[in-house]
Structure formats: C-alpha cells, structure tokens
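Below you'll find the structure, written out as structure tokens, and then a few comments.
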Amino acid sequence: MTIFALDERDPAAGAPDVDLEHEGQGERERERVVVCADCGHHISDSAARQPFAEGVWQERFVNPHGVLFSVERYARAPGCVGRGAPSTEFSWFAGCSWQIQLCGACLTHLGWLFRDLAGSDPAFFGLRSDKLRELDCLR
Ligand SMILES: [Zn+2]
C-alpha cells in the first residue's frame with residue numbers, strides 16, 4: 001500500500017498530487033511474503049513484522065545451551081505450528097512464556113511464540129532471521 005503525505009499547511013488543497021519522492025518510498029515498503037528458508041512455505045508477511053523497540057528490527061539472544069539466535073518479531077505467523085507446552089524458563093522477554101514454533105510444512109524450528117503472562121500485551125512471534133526469506137508478493 002502506498003501512502004501519500006498530505007500537505008498539512010494547506011488543508012483546502014484537495015486531492016494530493018502524486019509525489020514521486022514518496023511513491024519511491026512506497027515501492028520499497030511494499031508488502032513482501034516471508035517464507036521458510038528451507039522449503040519455501042508461506043510463514044508470514046512483511047506487514048506483520050514489528051520492531052522490538054524504536055528502530056530495532058532484529059535482536060540477538062543466546063539460549064541456555066550457548067546457541068546464538070538472530071530474531072525478528074512478527075505479530076502473526078500463520079505458517080507456523082506450535083510444538084510442546086509453553087514454558088517460562090529462561091525466557092528472553094520478562095513476564096512472557098515461550099512455545100517452540102516449527103514450519104508448518106517441513107517442521108524446521110523457526111522460532112518461538114511469546115505470550116505475556118499478565119495478558120496486557122498481545123502475543124508475538126520471535127522468528128529466526130537465518131530461517132526466513134522474503135519474496136516479492138505476486139499479485
Ligand atoms: Zn519449511
């Protein structure tokens with residue numbers, strides 16, 4: 001979706017002209033599908049990706065076994081399937097449980113679903129950057 005900036009100084013200007021500069025920006029931000037790097041299964045889309053904090057789109061975490069993961073945050077990942085019971089042990093996010101998430105097609109370990117135990121924040125997926133690929137949306 002392309003969003004055009006309206007000129008706020010002149011509310012009577014009517015329909016905005018197409019601004020080529022902003023159109024270029026929209027081109028870069030167009031929706032892309034996010035697929036499993038191993039099998040190509042549709043996992044999520046770029047519109048569902050959220051920053052961990054302002055401008056922070058990727059975080060690195062180490063699990064108790066010393067394995068380093070680069071993780072991206074997604075509001076939804078319908079291509080994943082949960083595996084095992086949610087746990088609160090060694091959670092990377094305070095107050096959140098985690099549940100292992102696998103690719104719904106090839107069962108590669110893609111990441112985790114984090115749920116705020118207090119229920120005040122929506123659940124989110126922390127997915128491994130090295131196990132995802134982004135493709136242009138074909139439509
Ligand atoms: Zn897969």
Say whether the condition of being modelled with pLDDT of 50 or more and part of a loop (DSSP other than H, G, I, E, B) is met by at least one residue in the range 1-13. no
Residue under question is VAL35, and the condition is that it be under 16 Å from the mean Cα position of the chain (by Cα) and either within 24 Å of CYS137 (Cα to Cα) or among the β-branched types (Val, Ile, Thr) (or both); does it hold? yes
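The values are calculated or read from the model by the stated rules, or taken from the named source; none is laboratory data. Values in this document were obtained by computation on a predicted structure and should not be read as measured data.
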